[in-house]
1. Considering the chain as a Gaussian network with a 10 Å cut-off on Cα pairs, which listed residue, 89, 198, 72, attains the greatest mean-square fluctuation?
2. Measuring from label point to label point, each 7 Å out along Cα→Cβ, what is the residue 243 to residue 79 span in nm?
3. On a full-extension model of 0.36 nm per residue, what is the gain between residue 28 and residue 104, subtracting their alpha-carbon distance, rounded to one decimal in nm?
4. For the chain, what proportion of DSSP beta bridges, expressed in % and rounded to the nearest 5, is antiparallel?
5. Relative contact order for the range 5-161: what is it in percent, counting Cα pairs under 8 Å that are at least 6 residues apart?
6. Between residue 258 and residue 200, what length in nm is gained on full extension when 0.36 nm per residue of separation is reduced by their alpha carbon distance?
7. What percent of all Cα-Cα pairs in the range 5-161 falls into each 10 Å bin, going from 0 up to the bin containing the maximum distance?
8. Could you tell me the relative contact order of the chain? Use alpha-carbon pairs under 8 Å, at least six residues apart, and round to a whole percent.
């Protein structure tokens, strides 16, 4: 089953999703309509991907089978009541990419029986390598969930998770890119310290991390098996691994996850 897709909000994440869906040919630009209070964002998306521009949130819902709410979470209380009746009238399902806003919270602004799906993508959607999680309320049927998973698959990988695991997903998929960027930059700065040009060092470090991640996903070996395969007896790699262990590398990463989770609970 094909769906017409609408977007309320055309920020960075919405643009990444639309560009992924169109460039992968999951959808045609003509099957997507968009609305944003900043009309320049809509115009830019239309020129790049051929999407249709709407003049209001309600018009977007009216012309969509699935409407993606891609505005900041603090704007939800203003936007959801505005589109509540049109969602029911048109039979459009709602997809939220707002962090921290539960299905129950979103549903509290809508009529009973409105299908709602939560999607949590991460920043890597902008390069087609997002890691996204999906869950739906009781009114979200299998065809809707499969469409949303297909949409997420057009700009990366996707898993279905129970909603109670979304905070943890938000840390290990949403916060971890920042941790990874820190690691890549630290490797590059260490190279600069030892005489290498920073731009070259960044390229080498980023590609090494990219290849290592792909190896974990495709090799079917435990990460420590892969570590052992790189460490020659008495060699340079085991010396570096031992230094990282001495400096509590594992503990530092786990503490970062716990700190992010604790902060999420307080929001």
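Read-outs: derived from the displayed coordinates by stated rules, not from any lab. Everything numeric here is computed off the predicted structure, so don't read it as measured data. Cβ sites come from the backbone with ideal geometry, for glycine too, and all protein chains shown count toward neighbours.
1. Looking only at 89, 198, 72, the largest GNM fluctuation is found for 198.
2. Placing both labels 7 Å beyond Cα along the Cβ direction yields 4.7 nm.
3. 24.2 nm
4. 15 percent
5. RCO, the range 5-161: 22 percent.
6. Working it through step by step, the gained length comes to 17.5 nm.
7. 12, 45, 38, 5
8. Value for the chain: 13 percent.
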